[in-house]
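The values are calculated or read from the model by the stated rules, or taken from the named source; none is laboratory data. Bear in mind the structure is a predicted one, so any value in this text is a computation, not a measurement. When we count neighbours, we look across all protein chains shown, and the Cβ atoms used for this are built from the backbone with ideal geometry, even at glycine.
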Amino acid sequence: MGLRKPPLYDVHADAGAQFTEFGGWDMPVEYDSIRAEHAAVRESVGIFDVSHMSEIEVSGPDGTALMQRLTTNDVTVLEPGDSQYSAIVDDDGIIIDDTVVYRLPDRGDPVYLFIPNAGHDEEMYDRWTSFRDEWDLDATVEDVTEDWAMFAVQGPDALETVSATTDESVGDLSKFEAQYADVAGVECWVARTGYTGEDGFEVLCPWDDAETVWSALDATPCGLGSRDTLRMEMGFLLSGQDFDPEDEPRTPYEAGISFVVKLDTEFVGRDALEQQHDAGVDETFVGLTLLDRGVPRHGYDIATEDGDVIGTVTSGTMSPTLSEPIGLGYVPVEYADDGTELTVLARGREKRAEIVTPPFIDN
Amino acid sequence: MFEIPDDRKYLESHEWTTTDGDTVKIGISDFAQDELGDVVFVELPDEGDEITAGDEFGVVESIKAVSDLYAPVSGTVVAVNEDLFDAPELVNEDPYGDGWMLELEPSSSDEFDDLLSPEEYREQTE
């Protein structure tokens, strides 16, 4: 099966992008230099094509009930134009995916648009429709992944960049608020959200108008490489890597996102999570830095100073901001305190490491 | 489009090597540094270590990738470019000059002849 392509694939190729496969999509990984793209986002503004992200729309009289029962956060607190970070877990409380849930303007009933990760659209569509049918709910579920292109405009100058393309006062949006706004004359869903730790917006625009919107937003084009280093500096989770139902099964409590679990709501996996909430977790998500030269990478073992393997690095890089090797991963809670000295086994070599609670940078 | 100087020989795995008759220098090609992107870490053997043609002798890591380094010829390490420990970006900036990695005293002069000529290497990268 061929890879899926974002609407601006040719535009990125013409701009000299290198591509990588991610979630079944062929996406720009870097244009010129990950380091330069990373710096643009930290210091001015960058734009990412994240059209590989999935979009599922849920509406109808029981739309709210369906969303509430399939996500761990409380969707009933959302007004139109609000959004929230949330998790989708199985019966055992294991995270299948993480997502942002937007409440769109009502169409008679509340309407939700949620953003599963790349390649999860079919799985989530199936999950939503099969539970809807099982519970006999009156809700409409649509996979609109290829109706929407999505761009992330991120960095301290993001507001200036987006404001220059629209008459709407998008600066009035608080973090996690969103609204429809004409961007370069194209009606877009503009949200004050992101994955970099900087101020910024995520702009969903109709797939066929992607080029109009992309070219109007004046920012440094950035690929998935810098998106990854930016999120790692913040300690943000990457689906399929920092958690994965097959390879790294983790609950929201283990993964450090307990704030998305609302046990006073009813959802699939709630009872398992309540049990873990009461008993406490054995292992937890941590950050670390290497004290020796090297780079922590996905899959490297974490060991005690005596050499006992106690955990795994799930993400790691050389932090472009700090020029220090940083990693994320899981260790038993008794090793999770800041300053705990451990070792990371990098391709057979022991590197001294120290636990540091993310974010690694002050923002 | 990538620089492939005529004064040296190459490996399929993108290392280059030059010789002055006594010792050989080793680094990675312009093509290789461009593929890797921003180099952030280089791990090299110590002076005095023996390395064998075709075997791994070190690692070069960029932000996005980890790549083994293979020895073009066998020999004893007589110098290591320690500048790369603090400034690995030299590999990107000057792969054929300040970004060199090792200097070896080769154990045989024959192995040098088996390597790819600049023309052969150019064909491989096209």
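Please go through segment A:23-39 and give me each residue that is among the hydrophobic types (A, V, I, L, M, F, W, C) and within 14 Å of chain B (Cβ to nearest Cβ), ordered by number. Steps first, answer last, please.
Our first condition is that a residue be among the hydrophobic types (A, V, I, L, M, F, W, C); within segment A:23-39, this holds for A:25, A:27, A:29, A:34, A:36, A:39.
The answer is A:27, A:29, A:34, A:36, A:39.
In segment B:63-121, how many residues are closer than 13 Å to residue B:23 by Cβ, outside any loop (DSSP other than H, G, I, E, B) and away from every other protein chain (no Cβ under 14 Å)?
Residues meeting the conditions: 11.
Run residue A:4 past the list (1) over 20 Å from the mean Cα position of the chain (by Cα); (2) of a type outside the set (A, V, I, L, M); (3) closer than 22 Å to residue A:209 by Cβ; (4) outside the structural domain of residue A:215 (by TED's automatic domain parsing) and report the number of the one that doesn't hold.
(1)
For residue B:83, all conditions in the list (1) at pLDDT 95 or above; (2) touching a strand residue (DSSP E or B) at 6+ places or on another chain (Cβ under 8 Å) hold save one; what is the number of the exception?
Unmet for residue B:83, out of (1) at pLDDT 95 or above; (2) touching a strand residue (DSSP E or B) at 6+ places or on another chain (Cβ under 8 Å): (2).
Are any of the residues in segment A:75-82 buried (at least 23 other Cβ atoms within 10 Å of the Cβ), within 20 Å of residue A:269 (Cβ to Cβ) and hydroxyl-bearing (Ser, Thr, Tyr)? Don't jump to the end; show me each part of the working.
Going residue by residue through segment A:75-82, those that are buried (at least 23 other Cβ atoms within 10 Å of the Cβ) are A:75.
Then keep just the ones that are within 20 Å of residue A:269 (Cβ to Cβ); that gives A:75.
Filter once more, keeping what is hydroxyl-bearing (Ser, Thr, Tyr): none.
No: zero hits.
Could you tell me whether segment A:137-148 includes any residue that is crowded, with 18+ Cβ neighbours inside 10 Å, among the hydrophobic types (A, V, I, L, M, F, W, C) and free of Cβ contacts under 8 Å to residues at least 60 places away in the same chain?
Among the residues of segment A:137-148, not one is crowded, with 18+ Cβ neighbours inside 10 Å, among the hydrophobic types (A, V, I, L, M, F, W, C) and free of Cβ contacts under 8 Å to residues at least 60 places away in the same chain, which makes the answer no.
If we keep just the residues of segment A:1-12 that are among the aliphatic types (A, V, I, L, M) and assigned to a loop (DSSP other than H, G, I, E, B), which is nearest to the other protein chains (Cβ to nearest Cβ)?
First pass over segment A:1-12, keeping only residues among the aliphatic types (A, V, I, L, M): A:1, A:3, A:8, A:11.
Now restrict to residues that are assigned to a loop (DSSP other than H, G, I, E, B): A:1, A:3, A:8.
Numbers: A:1: 25, A:3: 18, A:8: 21 Å.
Across segment A:1-12, the extreme among qualifying residues is A:3.
If you take just the strands (runs of 3 or more DSSP E) that sit entirely in segment A:13-92, which of them hold at least 3 residues that are modelled with pLDDT under 95 and in contact with a Gly (Cβ under 8 Å, 6 or more places away or on another chain)?
Correct list: empty, since no element meets the threshold.
Working carefully through the options B:69, B:44, B:11, B:115, find the one that is crowded, with 19+ Cβ neighbours inside 10 Å and either farther than 30 Å from residue A:297 by Cα or polar (S, T, N, Q) (or both).
On the way: B:69 fails: either farther than 30 Å from residue A:297 by Cα or polar (S, T, N, Q) (or both); B:44 fails: either farther than 30 Å from residue A:297 by Cα or polar (S, T, N, Q) (or both); B:11 fails: either farther than 30 Å from residue A:297 by Cα or polar (S, T, N, Q) (or both).
Of the residues listed, the single one that is crowded, with 19+ Cβ neighbours inside 10 Å and either farther than 30 Å from residue A:297 by Cα or polar (S, T, N, Q) (or both) is B:115.
Let me confirm something: among A:260, A:203, which residue is modelled with pLDDT of 95 or more, of a type outside the set (Ser, Thr, Tyr), over 18 Å from residue A:87 (Cα atoms) and not assigned by TED's automatic domain parsing to the domain that holds residue A:106? Show your work before the answer.
Values: A:260 fails: over 18 Å from residue A:87 (Cα atoms).
Within the list A:260, A:203, the selection yields A:203.
Within segment B:1-55, restricting attention to residues that are among the acidic types (Asp, Glu) and within 11 Å of the chain's Cα centre (by Cα), which residue is nearest to the other protein chains (Cβ to nearest Cβ)? Steps first, please.
In the first step, residues of segment B:1-55 are kept if they are among the acidic types (Asp, Glu); the result is B:3, B:6-7, B:12, B:15, B:20, B:22, B:30, B:34-35, B:38, B:43, B:46-47, B:49-50, B:55.
When the remaining residues are screened for being within 11 Å of the chain's Cα centre (by Cα), the result is B:15, B:30.
Working: B:15: 19, B:30: 15 Å.
The selected residue is B:30.
In segment A:46-54, is there at least one residue being touching a residue at least 40 places away in the same chain (Cβ under 8 Å), charged (D, E, K, R), crowded, with 20+ Cβ neighbours inside 10 Å and within 14 Å of another protein chain (Cβ to nearest Cβ)?
Narrowing segment A:46-54 to residues touching a residue at least 40 places away in the same chain (Cβ under 8 Å): A:46-54.
Next, from what is left, pick out any that are charged (D, E, K, R): A:49.
With crowded, with 20+ Cβ neighbours inside 10 Å added as a condition, the list becomes A:49.
Right, trim to within 14 Å of another protein chain (Cβ to nearest Cβ) and you get none.
No, because not a single residue in segment A:46-54 is touching a residue at least 40 places away in the same chain (Cβ under 8 Å), charged (D, E, K, R), crowded, with 20+ Cβ neighbours inside 10 Å and within 14 Å of another protein chain (Cβ to nearest Cβ).
Within segment A:13-22, can one find any residue that is without any contact (Cβ under 8 Å) to a residue 12 or more places away in the chain, within 14 Å of another protein chain (Cβ to nearest Cβ) and over 20 Å from the mean Cα position of the chain (by Cα)?
Let us first name the residues in segment A:13-22 that are without any contact (Cβ under 8 Å) to a residue 12 or more places away in the chain, namely A:13-14, A:19.
From the residues that got through so far, the ones that are within 14 Å of another protein chain (Cβ to nearest Cβ) too are A:19.
Retained after the next criterion (residues that are over 20 Å from the mean Cα position of the chain (by Cα)): none.
Scanning segment A:13-22 turns up no residue that is without any contact (Cβ under 8 Å) to a residue 12 or more places away in the chain, within 14 Å of another protein chain (Cβ to nearest Cβ) and over 20 Å from the mean Cα position of the chain (by Cα).
Using the structure shown, decide if residue A:328 is aliphatic (A, V, I, L, M) and within 20 Å of the chain's Cα centre (by Cα).
Values: aliphatic (A, V, I, L, M): yes; within 20 Å of the chain's Cα centre (by Cα): yes.
Spelling it out, residue A:328 is indeed aliphatic (A, V, I, L, M) and within 20 Å of the chain's Cα centre (by Cα).
Is one or more of the residues making up segment A:267-277 of a type in the set (S, T, N, Q) and touching a Gly at 6+ places or on another chain (Cβ under 9 Å)? Give the steps one after another, and end with the answer.
First, the residues of segment A:267-277 that are of a type in the set (S, T, N, Q): A:275-276.
Next cut, touching a Gly at 6+ places or on another chain (Cβ under 9 Å) only: A:275-276.
Taking every residue of segment A:267-277 in turn, at least one turns out to be of a type in the set (S, T, N, Q) and touching a Gly at 6+ places or on another chain (Cβ under 9 Å).
What is the residue count in segment B:87-108 for residues that are of a type in the set (S, T, N, Q) and over 13 Å from residue B:76 (Cα atoms)? Show your work before the answer.
Residues of segment B:87-108 of a type in the set (S, T, N, Q): B:92, B:107-108.
Then keep just the ones that are over 13 Å from residue B:76 (Cα atoms); that gives B:92.
Within segment B:87-108, residues that are of a type in the set (S, T, N, Q) and over 13 Å from residue B:76 (Cα atoms) number 1.
Looking at A:225, A:235, A:256 in this structure, which one is on the phi > 0 side of the Ramachandran plot and either under 13 Å from the mean Cα position of the chain (by Cα) or within 14 Å of chain B (Cβ to nearest Cβ) (or both)? Give the derivation first.
Values: A:225 fails: on the phi > 0 side of the Ramachandran plot; A:256 fails: either under 13 Å from the mean Cα position of the chain (by Cα) or within 14 Å of chain B (Cβ to nearest Cβ) (or both).
On inspection, the qualifying residue turns out to be A:235.
So which strands (runs of 3 or more DSSP E) are wholly in segment A:218-320 and hold at least 2 residues that are in contact (Cβ under 8 Å) with a residue 60 or more places away in the chain? Before you say what the answer is, go through the steps one by one.
Details: elements: A:220-222, A:283-290, A:301-303, A:309-319.
Those strands (runs of 3 or more DSSP E) span A:220-222, A:283-290, A:309-319.
In segment A:321-363, what residues are within 12 Å of another protein chain (Cβ to nearest Cβ) and in a strand (DSSP E or B)?
A:324, A:325, A:326, A:346, A:349, A:351
Among (1) out of contact with any helix residue (DSSP H, G or I) (no Cβ under 8 Å at 6 or more places or on another chain); (2) buried (at least 19 other Cβ atoms within 10 Å of the Cβ), where does residue B:60 come up short?
For residue B:60, the exception is condition (1).
Can you run down the residue pairs with Cβ atoms below 9 Å, 6 or more apart or on separate chains, where the first is in segment A:77-91 and farther than 15 Å from residue A:65 by Cα and the partner is at pLDDT below 95 and part of a loop (DSSP other than H, G, I, E, B)?
Sorted first by the residue in segment A:77-91, then by its partner, the list stays empty.
Hey, among A:152, A:184, which residue is within 27 Å of residue A:26 (Cα to Cα), modelled with pLDDT of 95 or more and more than 22 Å from the chain's Cα centre (by Cα)?
Numbers: A:152 fails: more than 22 Å from the chain's Cα centre (by Cα).
Exactly one residue qualifies, and that residue is A:184.
Please tell me if residue A:193 is polar (S, T, N, Q) and under 23 Å from residue A:101 (Cβ atoms).
Working: polar (S, T, N, Q): yes; under 23 Å from residue A:101 (Cβ atoms): yes.
Yes; evaluated as a whole, the condition is true for this residue.
Would you check which residues across segment B:98-126 are among the small types (Gly, Ala, Ser) and within 16 Å of residue B:10 (Cβ to Cβ) and list them? Walk me through how you get there before you give the answer.
Filtering segment B:98-126 for residues among the small types (Gly, Ala, Ser) gives B:99, B:107-109, B:117.
Hits for segment B:98-126 are B:99, B:117.
Within segment A:271-290, does at least one residue satisfy the condition of being among the charged types (D, E, K, R), farther than 28 Å from residue A:67 by Cβ and away from chain B (no Cβ under 14 Å)? Can you show your working first?
Step one: of segment A:271-290, the residues among the charged types (D, E, K, R) are A:271, A:274, A:278, A:282-283.
From the residues that got through so far, the ones that are farther than 28 Å from residue A:67 by Cβ too are A:282-283.
When the remaining residues are screened for being away from chain B (no Cβ under 14 Å), the result is A:282-283.
Within segment A:271-290, one or more residues are among the charged types (D, E, K, R), farther than 28 Å from residue A:67 by Cβ and away from chain B (no Cβ under 14 Å).
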